[in-house]
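Each remark here refers to the structure printed beneath this line.
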Amino acid sequence: MTKVIHPWPPVFDKNSRILIVGSLPSPASRKFGYYGHPQNIFWSTLAKVLDQPTPEPNQPARREFLLKNRIALWDAVHSCEIDGASDATIRDVVPNDFSDIFVVAQIEAVFGSGKTATNLFNKFSAEKFGKEAIYLPSTSPANRFMHGRPDYLGAWEQIGQILNS
């Protein structure tokens, strides 16, 4: 088990309407930035449901993509013990504090990218902010078996539906 402290601040601004919450960046993603593992399909999935091109694989382009689409992004965990990249091994969680996001932005919906992210946000933050995270299937390479299923993309399309309403 390794003690990990979340390496980045949240991405948001006053126009953010959707908050997407992950659990904690994997060791590979920590090298490249949010959802930066080359096999993670977060960015291509989000681009597809928003009917836009996938942003370039660099943090400034991805940040601009999120903000242009009124999406805030952060992770549920500030620090924890974890074995490698396995969310199933997360222990001794110190949650991130989402107060700044909810004070600045008018968040209409929170989505958890994966079961662990959804459960952690709901356990530590939902009551405080009056929003429960809605589960979205993980975009992680470990969840590849889900990526081709119709219900996978259908779940993610909820984001576009809210942003287009």
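The amide H of Val77, built 1.01 Å from its N in the peptide plane, has Asn96 as neighbours under 5 Å, considering only residues 5 or more places off or on other chains.
Loop-located trypsin sites (Lys or Arg not before Pro) in the range 1-108 (DSSP state other than H, G, I, E, B) with a sparse environment of at most 11 neighbouring Cβ atoms within 10 Å: Lys14.
How high is the FRET efficiency from Glu64 to Asp92, r the C-beta distance, R0 35 Å, rounded to 0.05? Once the sixth-power term is evaluated, E becomes 0.50. From Cα pairs below 8 angstrom and at least 6 apart in sequence, can you work out the relative contact order of the range 21-101, rounded to a whole percent? After rounding, I find 29 percent. Sorting Val94, Val11, Val77 from the fewest to the most surrounding beta carbons within 10 angstrom yields Val94, Val11, Val77. For the chain, the antiparallel share of DSSP beta bridges with both residues in that region comes to about 40%. Comparing Ala105, Asn119, Gln158 along the charge dipole axis of the chain, the residue lying farthest to the positive side is Gln158, per the Cβ-charge model. Near Leu67, once Lys and Arg are set to +1 and Asp and Glu to -1 for all other residues with Cβ below 14 Å from its Cβ, the sum equals +4.
With K and R counted +1 and D and E -1, the other residues having a Cβ less than 10 Å from that of Thr89 yield a net charge of -2. The mean sequence separation of alpha-carbon pairs under 8 Å and at least six residues apart, normalised by the residue count of the range 2-163, gives a relative contact order of 31 percent.
Only one of (1) 10.3; (2) 9.7; (3) 8.7 was calculated from the structure for mean projected area of the Cα convex hull in nm², and its label is (3). I need the GluC sites (Glu not before Pro) found in the range 57-165, filtered to DSSP loop residues with at most 15 other beta carbons within 10 Å of theirs. The qualifying sites are Glu108, Glu132. For the range 1-60, the relative contact order works out to 21 percent when only alpha carbon pairs closer than 8 Å and six or more residues apart are counted.
Per-residue Cβ neighbour counts within 10 Å put His37, His78 in the sequence His78, His37, beginning with the fewest. Taken as Cα centroids, the range 46-93 and the range 1-17 sit 8 Å apart, rounded to the nearest whole angstrom.
FYI, it's all coordinate maths here, none of it is from the lab. Please read these numbers as outputs of a predicted model, since none were measured by experiment. A quick note on method: Cβ atoms are made from the backbone with ideal geometry, for glycine too, and the neighbour counts reach across all protein chains shown.
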